[in-house]
Structures are given as structure tokens and as C-alpha cells.
Ligand code: CP
Ligand code: NVA
């Protein structure tokens, strides 16, 4: 069963195949209205469940549009409205959904929820973000980097800020796509120990970014973080804001990415987000193309 749970758990040649397929599918649609079905309609007759236990704009819309472009049908489900939110186990939910749909995408809190869904589902399961990982985002980011600046292999990627779920998937990608990843952020928000060996740390952001091909950041307070931690996190992370002074340390043709949603002028200034290095809108668009390739890989179509 081809579940897409984690970049580190997915074969690196399969990951490369998905990026290349995404790029081809994107090119084949160039200039066409968004609602135009793909010529081959590989998901015709397929039903896809999109489950959200947390808010979403990009993941929700890009998966829904992607399935429809490929000729399939979707149902978007809120965890709170399902029996899942009223005590039915993930295992039982997985068994039942597998009788109705061909593919399940879930955005949830604990990674274990995703793993349980995959264990008990008899159809492929895709990770649409957990507290620990966000692999679909990083597939889109790799596609975006390579569209602008060529192969990511051997390049220097610097993450400035919180060592969170999106960072974790970048760390997995550093191993699988063979690029150098540097974390710059406070010791208190260091990535989880399971990622040790996949990246290096440089506490000084100005030093860390020197010679970077790509600078990435994310919100200082994630959906799973308690709101009570907001002020403390802001105080700890203020020195890691991505601004023009920081970007000036990177290579002249470096790119800036943010998975969005952003808190403008906190983790990144508007000048950077809207500036010449920023590829954030391409990054958001590429969620669509990358996930279409992920879904095809899952279904083998
Ligand atoms: N980047 C991302 O996953 O955005 P959403 O939370 O809007 O889905
Ligand atoms: N780190 C963020 C990513 C949102 C797409 C969060 O988990 O809230």
C-alpha cells in the first residue's frame, strides 16, 4: 500500500519521480483555465476523503481542485463533525471510510492518529499535516526551488525560526534529496532529537544565512502550540525574523519561502515576502501540482 505519511519513509527514487511528474503535469496545464480537467483524467471514478481536524486554506483547496482536475470526486470532512470527534476510534473510522472511498487525506494533531489511520485503512492515506510533519508542503517546496534555481541536490537551505513540523519535513527532505540544511533559532525551540544528524545548527542567523541558496521560515506559533505560549515564543524568535538585512547575507539569486499562512512583519517582513527573492505564491500554487503527483503515486494511476 502506497501511503504518503512522511518524506523519510518514502523511497527517494519515488519522491524524485513525484517531483518530475508534478512538473510535467503542471506544464501540460499551462495557460488553461483552472477548472479544465486533465486530458488523461487518471482519478476518474475515484472518491477521495479530505479530513480536517485543524483549519486549512491551501491544503483544503489544492487537494480538492487537484482531485477534480484529475477527474475524481472529493468529500471534505471536518473531524469535529464526524463521529471521530465524539469518541469513535481512528481504527474503526479507517475501516469504515475504506469501504466508501479510494483515498484518504487527513490533517490532524498527533502523528499517531495518522499512523493509526494508515494501519487500519485498506486504502492509501496521505499526511496533510500533523503536529510533527508536513510532507506535502515540502514536496511543493522542492518543486518550486527546482523550477527557479535548478536541482536542489548539494544546495544550502537555511531555516530561520521555530524547529517545528514544517522544519521536520525539510530535514527529512535534506536526507532524501541530498541538500544541506542549517537550522538557526533559539536553543529552546530546537527541532526534536529524532531529527539529529539530518541538519546542522548555527545560532547566529547572520552567519547561518551566509551563502544560502534558499531561506525558509514559518509562523512562530503553530496550530498545535498553546496560545499562552505566544508572547514567550515571540520574544525568543524576534532575532530570527527574515528581513532584508538577513536576506542580504544569502546568495544574490537566493530564494525565500514560507509555507503560509504568514504573520507579516513577525517571522518575515512584508518587504521580503513581496520582494525579489520571494517565491511564496509559486510555492502555494505548487501544492496543487505536487499533491496531484502524490495522489497518483498512492493510487498507482
Ligand atoms: N501551508 C499550508 O498547509 O496551508 P494551510 O494551513 O492553509 O492548508
Ligand atoms: N507550522 C504551521 C504550519 C501551517 C501550515 C502549523 O502547524 O500551524
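The values are calculated or read from the model by the stated rules, or taken from the named source; none is laboratory data. It should be emphasised that the depicted structure is a prediction, and the values quoted were computed from it without experimental measurement. Cβ sites come from the backbone with ideal geometry, for glycine too, and all protein chains shown count toward neighbours.
Worth a mention:
- Flag if residue 27 is buried (at least 19 other Cβ atoms within 10 Å of the Cβ) and more than 17 Å from the chain's Cα centre (by Cα): no
- Of all residues assigned to the stretch 190-200, none qualifies as being more than 19 Å from the chain's Cα centre (by Cα), over 23 Å from residue 109 (Cβ atoms), modelled with pLDDT of 95 or more and part of a helix (DSSP H, G or I).
- Qualifying residue in the stretch 74-97 (condition: within 16 Å of ligand 1 (Cβ to nearest atom), assigned to a helix (DSSP H, G or I) and at pLDDT 95 or above): no
- Just one of the listed residues (114, 143) is assigned to a helix (DSSP H, G or I), within 16 Å of ligand 1 (Cβ to nearest atom) and more than 30 Å from residue 253 (Cα to Cα), and it is 114.
- Meets criteria (without any contact (Cβ under 8 Å) to a residue 60 or more places away in the chain, under 30 Å from residue 231 (Cα atoms), touching a strand residue (DSSP E or B) at 6+ places or on another chain (Cβ under 6 Å) and assigned to a helix (DSSP H, G or I)) for residue 183: no
- Residues (touching a residue at least 12 places away in the same chain (Cβ under 8 Å) and at positive phi) located in the stretch 28-53: 41, 45
- Taking the stretch 189-220 as the range and being within 16 Å of ligand 1 (Cβ to nearest atom) and in contact with a strand residue (DSSP E or B) (Cβ under 8 Å, 6 or more places away or on another chain) as the test, the residues that pass are 216, 217, 218.
- Counted residues, the stretch 216-259 - those being touching a residue at least 60 places away in the same chain (Cβ under 8 Å), more than 16 Å from ligand 2 (Cβ to nearest atom) and buried (at least 22 other Cβ atoms within 10 Å of the Cβ): 3
- Looking at the stretch 221-274, the helices (runs of 4 or more DSSP H) lying wholly inside it that each contain 2 or more residues that are at pLDDT 95 or above, away from ligand 1 (no atom under 15 Å from the Cβ) and out of contact with any strand residue (DSSP E or B) (no Cβ under 9 Å at 6 or more places or on another chain) sit at 230-237, 244-247.
- Conditions (1) part of a strand (DSSP E or B); (2) in contact (Cβ under 8 Å) with a residue 60 or more places away in the chain; (3) surrounded by fewer than 20 Cβ atoms within 10 Å (Cβ to Cβ): number failed by residue 56: (1)
- Residue match in the stretch 13-21 (condition: crowded, with 20+ Cβ neighbours inside 10 Å, modelled with pLDDT of 95 or more and touching a strand residue (DSSP E or B) at 6+ places or on another chain (Cβ under 6 Å)): no
- Scanning the stretch 115-130 for residues that are within 16 Å of ligand 2 (Cβ to nearest atom) and either more than 15 Å from the chain's Cα centre (by Cα) or surrounded by fewer than 19 Cβ atoms within 10 Å (Cβ to Cβ) (or both) returns no hits.
This table checks each residue for (1) more than 16 Å from ligand 2 (Cβ to nearest atom); (2) more than 23 Å from the chain's Cα centre (by Cα).
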{"residue": "49", "(1), (2)": "yes, no"}
{"residue": "58", "(1), (2)": "no, no"}
{"residue": "66", "(1), (2)": "yes, no"}
{"residue": "77", "(1), (2)": "yes, no"}
{"residue": "85", "(1), (2)": "yes, yes"}
{"residue": "102", "(1), (2)": "yes, no"}
